[in-house]
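K.L.:
My questions all concern the structure below.
The values are calculated or read from the model by the stated rules, or taken from the named source; none is laboratory data. The shown structure was predicted, so the numbers you read here are calculated from the model rather than taken from an experiment. Cβ placement follows ideal geometry from the backbone for every residue including glycine, while neighbour counts extend to all protein chains displayed.
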Amino acid sequence: MTVKEEKKTLREEIRAKRKAIPTEVRARLSEKITAKLTCESFFRTEEVTFLYASIPEEVQLYGFMKFMLDIGRKIAVPYISKDGEMFAAEVKSIADLTFDKYGILTVTKEKRHIVLPEALGLIITPGVAFTEKGERLGMGGGYYDDFLRKNEPPACRVALAFDLQILDKIPTEERDEKVDFIVTESRTIAVRR
C-alpha cells in the first residue's frame with residue numbers, strides 16, 4: 001500500500017469515528033477545547049488568529065469566532081484563489097461568510113481583505129489525525145501544507161482535536177507540515193519542531 005493509500009484509509013477511519021460523536025457531545029467538547037486554548041500561554045490575541053470555518057464533524061469554532069470578534073480581536077479564514085493558492089482573509093462579521101466552490105465558508109468577495117502571513121500570530125490548523133510529534137494528517141488537498149511551507153509565517157501553529165484523533169503513528173510525506181501544539185479535551189501537547 002502506498003503512503004497516499006494509507007492516508008486515504010486512515011482518513012476515512014478517523015473521519016467515521018469523528019462523525020460518530022453525538023452532536024451535543026461534540027458541541028460540549030468543542031467549548032471545552034476552545035476554552036482551554038484561550039488559557040494557554042501561546043494564545044496570542046494581539047495579532048490575527050487564522051482559523052477555519054469548521055465542518056460539522058470537526059471541533060466547532062463558530063462560538064470561538066464570535067467570542068474573538070466580540071472582544072475586538074482580529075480573525076481570518078482561508079480563501080482559496082482560482083489558481084488553488086490559499087490566503088488568509090480577515091473576518092469582520094460572521095455574516096460576511098459564504099460558501100466557496102470547495103464547499104467551505106470564506107469571506108464574501110465584496111468584503112475580502114487579505115492578511116499578510118507575517119501579521120498572523122496563531123494559525124489554528126485543521127486535520128483528521130495528529131501524533132504527539134506534531135505530525136498532521138490533513139483532508140488531502142495540501143492547502144495548509146503549501147501555505148505554511150511557502151509563507152513560513154512566524155505564527156504559532158496549533159491543532160484543536162478530539163482525543164480520538166491523537167494516534168501513535170500516521171503515514172507522512174516530506175511535504176507534510178507539523179504543528180507546534182495540539183489542544184484536546186483532556187490535554188495540551190507541546191511539540192518541538
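K.L.:
Within the range 179-193, take every residue that is part of a loop (DSSP other than H, G, I, E, B), of a type outside the set (D, E, K, R) and farther than 14 Å from SER30 by Cα and give me the one that is modelled with the highest pLDDT. Don't jump to the end; show me each part of the working.
P.N.:
So the first thing to find is which residues in the range 179-193 are part of a loop (DSSP other than H, G, I, E, B), and the list is 179-180, 184-187, 191-193.
Adding the requirement that they be of a type outside the set (D, E, K, R) leaves 179, 184, 186, 191.
Narrowing the set further to residues that are farther than 14 Å from SER30 by Cα leaves 179, 191.
Details: VAL179: 96, VAL191: 92.
Residue satisfying both the conditions and the ranking: VAL179.
K.L.:
How many residues, within the range 164-178, are outside any helix (DSSP H, G or I) and under 16 Å from the mean Cα position of the chain (by Cα)? Don't jump to the end; show me each part of the working.
P.N.:
Filtering the range 164-178 down to residues outside any helix (DSSP H, G or I) leaves 166-178.
Now restrict to residues that are under 16 Å from the mean Cα position of the chain (by Cα): 166, 176-178.
Qualifying residue count, the range 164-178: 4.
K.L.:
List every residue pair whose Cβ atoms sit under 9 Å apart, with the two residues 6 or more apart in sequence or on different chains, where the first one lies in the range 141-153 and is more than 14 Å from GLY127 (Cα to Cα) and the second, anywhere, is in a helix (DSSP H, G or I) and of a type in the set (Phe, Trp, Tyr).
P.N.:
Pairs found: PRO153/PHE147.
K.L.:
Could you tell me whether the range 36-54 includes any residue that is surrounded by 14 or more Cβ atoms within 10 Å (Cβ to Cβ), under 19 Å from ILE182 (Cα atoms) and acidic (Asp, Glu)?
P.N.:
yes
K.L.:
Which residues, counting only those in the range 118-140, are surrounded by fewer than 19 Cβ atoms within 10 Å (Cβ to Cβ) and either of a type in the set (Lys, Arg) or at pLDDT below 95 (or both)?
P.N.:
Hits for the range 118-140 are GLU118, ALA119, LYS133, GLY138, MET139, GLY140.
K.L.:
Of all residues being under 20 Å from GLU12 (Cβ atoms) and modelled with pLDDT of 95 or more in the range 141-163, which is farthest from the chain's Cα centre (by Cα)? Just the residue, please.
P.N.:
Looking at residues that are under 20 Å from GLU12 (Cβ atoms) and modelled with pLDDT of 95 or more, I get ASP163.
K.L.:
A further question on this structure: When only residues in the range 15-53 that are touching a helix residue (DSSP H, G or I) at 6+ places or on another chain (Cβ under 7 Å) and modelled with pLDDT under 95 count, which is farthest from GLY121 (Cα to Cα)?
P.N.:
PHE43
K.L.:
Being touching a residue at least 24 places away in the same chain (Cβ under 8 Å) and more than 14 Å from GLU132 (Cβ to Cβ) is the filter here, so list the residues in the range 165-188 that pass it.
P.N.:
PRO171, GLU173, ARG175, ASP176, GLU177, GLU185
K.L.:
Cβ-Cβ under 7 Å, sequence separation 6+ or interchain: first residue in the range 111-135 and farther than 15 Å from TYR52 by Cβ and basic (Lys, Arg), partner part of a strand (DSSP E or B) and modelled with pLDDT of 95 or more. Which pairs?
P.N.:
Pairs that qualify, where the first residue is farther than 15 Å from TYR52 by Cβ and basic (Lys, Arg) and the partner is part of a strand (DSSP E or B) and modelled with pLDDT of 95 or more, are ARG112/ALA89.
K.L.:
Among what's in the range 42-96 and is touching a strand residue (DSSP E or B) at 6+ places or on another chain (Cβ under 8 Å) and among the β-branched types (Val, Ile, Thr), pick the residue that is nearest to LYS19 (Cα to Cα).
P.N.:
Once the filter is applied, the top-ranked residue is VAL59.
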